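Structure first, then comments.
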Amino acid sequence: MASAATVLGRLSLIPNLSSKPKLKSNRRTTSSTTVSVRAQASFSDPFVLQLAESLEDSLSASPSSSSSSTLSLPLQRIRDSSAETLLSTPWPSRKDEPFRFTDTSFIRYSQIEPVSTQQQRNSSILDNLTETQFPNAVIIDGFVSNLTIGPSDLPDGVYFGSFSGLPDDLTNRVSEFIGNFDSGDLFWSINGMGAPDLIVIYVPEGCKVENSIHLRYFSGETGDRESKRLPVSNPRVFVLVEEGGEIGIVEEFVGKDEEGFYWTNPVLEVVVQKNAKVKHSYLQRESMASAHIKWTFVRQEAESEYELVEVSTGGKLGRHNVHVQQLGPDTLTELTTFHMCVNEQTLDLHSRIVLDHPRGSSRQLHKCIVAHSSGQAVFDGNVRVNKYAQQTNAGQLTRSLLLKPRATVNIKPNLQIIADDVKCSHGAAISDLEEDQLFYFQARGIDLETARRALISSFGSEVIEKFPNRVIRDQARNHVKGLL
Amino acid sequence: MAGANLQLRHAYSIAQFVPTVSSSPPPQRVRFGISPSRVLFCNLRADSAVAPILRTTRRSETIAASSVSSAVDASPSSDSLEKSRDDVGRIPLLEVRDLRAVIVESRQEILKGVNLVVYEGEVHAVMGKNGSGKSTFSKVLVGHPDYEVTGGSIVFKGQNLLDMEPEERSLAGLFMSFQSPVEIPGVSNMDFLNMAFNARKRKLGEPELDPIQFYSHLVSKLEVVNMKTDFLNRNVNEGFSGGERKRNEILQLAVLGAELAILDEIDSGLDVDALQDVAKAVNGLLTPKNSVLMITHYQRLLDYIKPTLIHIMENGRIIKTGDNSLAKLLEKEGYKAISG
């Protein structure tokens, strides 16, 4: 509730909120936005403004698809509304409830530089990638760089690629859904302001895509810790699955070197139409020095299913904001997530499931391990069961393992229930490893150290096993094993 | 008498393996390193009820140099080097002397002086009322951290068990089947067994088996407990029925092997068919050298696995030892027939 109040309160302070549509229609070019940003500077956090300007400059300098003349309408719309929000959004501090336990000052006091949009992106750095048997694409700094997805990989009518390449009939359809989200935070808006391209995945009615689409995100540019130069990239992907369609999407974030200093600020929007299904796998293994702040915004129509399986281990600061909005009855939402801190790092999951219609079902399992005395895990799991969401069945469970003295976890499960005929549960457990289980290993001749390792990796495997794709499952398992 | 023999044993091993005998005794480990499985033990068989308290068993390091020569003299044949037998040629496997133990948390004393000797190839049953200390006894033997030994000694194959970590006890050949084994979500039965099996191989200095080699080794063992192979892919005890848990314990025993298997209420919660399977498996594992210590409430199990001796435990002590007729008496008249 508190977080909702903050957002609403902030919005209500914006004097020109009501005239938003009008302003949008007036601004077509980036230059006019710039003018308005500068004109209203007095309302705002100067640092955020400066950042917004530098994002804007980096994009307008580009001769490619993002130049003002060919800029696609939806992307422009996203930019405009983001610019507007940034005007009145200060950099979050620990006093803001959503950031109470998540310190973003490491980003704030770095020298943030938007990645250059002109630089030739070279996918040869990705040589070491293993082949996967399903269609995959590499996204470097927000650009689709290496499309290995051929038309033959995808069924008829399925589109994958930049928004600008979308067939005309789909342009309007996709545009309908873009830019309608008002629960984002500063980072959502920064992405909106800085996204160089909009990557679209479109699944037509009744189409069941057999192979998952695998997106691999890289940061092409890295700064360094000495000079504090922090390149930021803002990849943005939009997924629309029409009625009865099904698809699996794998997002993998990879740091190409262990100490890479950069900031990835991605957004994924998913619209799941009636009776459609999306299985979303998300594996975050950025470098241990990086910042990774991701937004996933999901809209679910009646009888649709959305499943998220996440494993996050990377980043000095890693945060995943998931917002699932129910738009019709009988939906199924499943969030299964695992965060593991083995370094001096903060990993944060802020999830929110908003149920507004009857008979929705949501299941959430969040697990985290903190295996470093300066490591911290944060979980804020919000489930809102609003007035008309009768006969909702919502369950949430979070389990944390603290393996070192002073390792920290901040857990805030919160259920807000207004409907009166619902079944909701939540639970939180924080512990070290179970003595009984350790002894069972020992009693069979397995030493304590091996037993601990086995139990720690088994803790995460409950989540890892949920990855629908075997390749990702093995990859995640090996990665976690390697870190331990 | 027993105490004297004990000294002889140590003295002899010193004389045998350490060329320069000094007045300070060598560390125990040296001795084990040389003869890990068979350490001399002379005539320690004594009626458990009247056995003298032998705390010295624990660490007999205070051996005077003078006893060395006499010990050598006292050993007439080199045969006794290999195995020490009692009068009728039995070799002791487990010797428990005046064992006392408390619950770590509450300091409540549960075992109040248990005495028990198990020889190679014997099957012993421990019976007793609920709360008499049977399960505690078995857990103390394998080194469960909930209990603390406050007195007495446990010698297994001549080694002081109390000095060993639980995993060392297991590797030494001690196996306990848990009364209610814990679930270990996320660890498959196969992986668990493979880990335990390889730990054993490492200890023996033999090559470890990879999962594929191990699998073929396992399949034959599965038949022993009448289980299907998909059993191996399930997580350890997760969602297992009572019967499956017990079978799984016996499967572990079959795979890992043990010189002394302690079966803690292996019969509880089993239907007749499952009980027969389990009993058959246990009998199949018995050799002239392996021993079994069963803890049970029921005569039924003893019909399938014939015990050499039955002990009745009450209030933290073994109060009576006898043959199978004791169990029959118990079945008929209850514990009052014995304690009364």
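The values are calculated or read from the model by the stated rules, or taken from the named source; none is laboratory data. This structure is a prediction, so every number in the text was calculated from the model and none was measured. Note that we place each Cβ from the backbone using ideal geometry, even for glycine, and neighbour counts take in every protein chain shown. Remember, those area values only see protein heavy atoms, side chains included, never the ligands or the DNA or RNA. Shrake-Rupley method; radii C 1.70, N 1.55, O 1.52, S 1.80 Å.
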(message) I'd like the full set of residues that are within 8 Å of chain A (Cβ to nearest Cβ) and in contact (Cβ under 8 Å) with a residue 24 or more places away in the chain, limited to region B:184-209.
(response) B:ILE184, B:PRO185, B:GLY186, B:VAL187, B:PHE192, B:ALA196, B:ALA199, B:ARG200, B:LYS203
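Only one residue in B:ILE266, B:ILE250 is away from chain A (no Cβ under 11 Å), assigned to a helix (DSSP H, G or I) and closer than 29 Å to B:THR136 by Cβ, so which one is that?
When all the criteria are applied, what remains is B:ILE250.
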(request) Looking only at region B:210-232, count how many residues are in contact (Cβ under 8 Å) with a residue 24 or more places away in the chain and among the hydroxyl-bearing types (Ser, Thr, Tyr). (result) 1
(request) Tell me the helices (runs of 4 or more DSSP H) entirely within region A:390-484 that contain at least 1 residues that are of a type in the set (Lys, Arg) and more than 8 Å from chain B (Cβ to nearest Cβ). (result) A:448-464, A:470-483
(request) May I ask you to say which residue of A:VAL237, A:VAL271, A:VAL278 is under 14 Å from the mean Cα position of the chain (by Cα) and either more than 22 Å from A:ASN469 (Cα to Cα) or assigned by the TED database to the domain that holds A:GLY318 (or both)? (result) A:VAL237
(message) Let me confirm something: among B:ARG234, B:ARG245, which residue is modelled with pLDDT of 90 or more and either touching a His at 6+ places or on another chain (Cβ under 6 Å) or closer than 19 Å to B:ASP267 by Cα (or both)?
(response) B:ARG245
(request) Check A:ASN146, A:ASN122 and return the single one that is open to solvent by 50 Å² or more (accessible area, probe 1.4 Å), in contact with a helix residue (DSSP H, G or I) (Cβ under 7 Å, 6 or more places away or on another chain) and either at pLDDT below 75 or of a type in the set (D, E, K, R) (or both). (result) A:ASN146
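Among B:GLU238, B:GLU244, which is the only one that is within 14 Å of chain A (Cβ to nearest Cβ) and surrounded by fewer than 20 Cβ atoms within 10 Å (Cβ to Cβ)? If you could, list the steps in order and put the result at the bottom.
On the way: B:GLU244 fails: within 14 Å of chain A (Cβ to nearest Cβ).
Testing whether each residue is within 14 Å of chain A (Cβ to nearest Cβ) and surrounded by fewer than 20 Cβ atoms within 10 Å (Cβ to Cβ) leaves just B:GLU238.
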(request) Only residues that are in a loop (DSSP other than H, G, I, E, B) and hydroxyl-bearing (Ser, Thr, Tyr): list them for region B:102-144, please. (result) B:SER106, B:SER132
(request) Those residues that are outside any helix (DSSP H, G or I), more than 8 Å from chain A (Cβ to nearest Cβ) and without any contact (Cβ under 8 Å) to a residue 60 or more places away in the chain, I need them from region B:160-182; list them, please. (result) B:MET164
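Can you tell me which of A:SER233, A:SER304, A:SER312 is touching a residue at least 12 places away in the same chain (Cβ under 8 Å) and touching an Asp or Glu at 6+ places or on another chain (Cβ under 7 Å)?
Going through A:SER233, A:SER304, A:SER312 in turn, the sole match is A:SER233.
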